[in-house]
Amino acid sequence: MPAPFRPKPARAGAHFAGRARRPDGPPPHRPGDIDEAVLYGVHPVIEALRNPRRRHRRLLATENGLKRLQDEIGELPLQPEIVRPSEIDRLLTPDSVHQGLYLVCDPLPSPSLDSLPDDAVVLALDQITDPHNVGAILRSAAAFAAAAVIVTIRHSPAATGVLAKSASGALEHVPLIAVRNLGDALQELGKRGFQRIGFDSDGEVAFDDVVLTRPLVMVMGAEGKGLRQRSRELCDHVARLEVPGTITSLNVSNATAIALYAASRRR
């Protein structure tokens, strides 16, 4: 497992609408922060338009972007507004790669811990704040059929903009479960029979030596801080990922992908 490291949160202000959530509406992935999600780029927009659980509000598309959508989807679920690329540019930060597509939609609801199946493999993110990392983790979670990714309501990026672009459509396939307290969630999962494995470069045991059982939750610590003390104490094992090279410090999203792969090989 990589040594702890500290991320630099990306600017997200220009990527999502920040109005307070409607009290009677479904909770978004990070409750209380947004009631609109902004998605841009080919893969996030296509997957969101294909998702029947999404309520779409507004679609901006360039002529080339619209042609790509029609080739991939056919009939669209809402009428697009045809715009110049510069009109989408003005809605995003300069480094955003929108590929001629910009979609405003409702956030997806956050399911409950009770909804997790009894044989689930789940990720829990302990205050990982960089939306690029969380998006990449979601992409790996989708690739390895993880049942969900658990995040905290505070100290986690909103499920929109940069995160959605980094997830490359995975946001539509892997539920994000937002909890108020990660320690309480791990405690609840332990009562349900989940094996809880935290990851740390100084872990007490190599991950390869842990006898895995299902259901399973793998807890990944924040860059710079690693696992918080209570998270560590609530894990059944704190494991390390052993790598053969001279550089052992990996980005948390890369470490998560390795852990998911290793777990999938041992099912």
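Other residues with beta-carbon under 12 Å from the beta-carbon of residue 239 carry, at +1 per Lys or Arg and -1 per Asp or Glu, a net charge of -4. Here the peptides 111-120, 251-260 are ranked by packing, the mean other Cβ count within 10 Å, and the order with the highest first is 251-260, 111-120. Spin-label pair residue 89-residue 53: with each label point 7 Å from Cα along the Cα-Cβ axis, the two points sit 3.7 nm from one another. You can think of it this way: the chain between residue 236 and residue 251 has 3.0 nm of extra reach, that is 0.36 nm per residue less the Cα-Cα gap. The shape of the range 113-265 can be summarised by an equivalent ellipsoid whose semi-axes, obtained from the alpha carbon gyration tensor, come to 20, 19, 15 Å from longest to shortest. With bins 10 Å wide beginning at 0, the percent of Cα pairs of the range 37-105 falling in each bin runs 22, 61, 16, 0.
The tail of the calculated P(r) for the range 193-267, taken as Cα-Cα distances beyond 14 Å, holds 58 percent of the pairs. Peptide packing: for 78-89, 164-175, the average count of neighbouring Cβ atoms within 10 Å per residue gives the ranking 164-175, 78-89, highest mean first.
For semi-axes √(5λ) of the Cα gyration tensor in Å, the value computed from the atomic coordinates appears in the list [x] 31, 28, 17; [y] 27, 22, 19; [z] 34, 19, 17 under label [z]. Under a point spin-label approximation (7 Å from Cα along Cα-to-Cβ), what is the residue 192-residue 115 distance to one decimal in nm? In this crude label model, residue 192 to residue 115 measures out at 1.1 nm. Residue order for 207, 199, fewest other beta carbons within 10 angstrom first, comes to 207, 199. Shown is the FRET efficiency for residue 208 and residue 173, computed with R0 = 25 Å from the Cβ-Cβ distance and rounded to the nearest 0.05: 0.35.
Pairwise Cα distances in the range 138-202 exceed 19 Å in 41 percent of cases.
Read-outs throughout are calculated quantities, based only on the coordinates presented, and are distinct from any laboratory measurement. The structure presented is a predicted model; accordingly, all values stated were derived computationally and were not measured. When we count neighbours, we look across all protein chains shown, and the Cβ atoms used for this are built from the backbone with ideal geometry, even at glycine.
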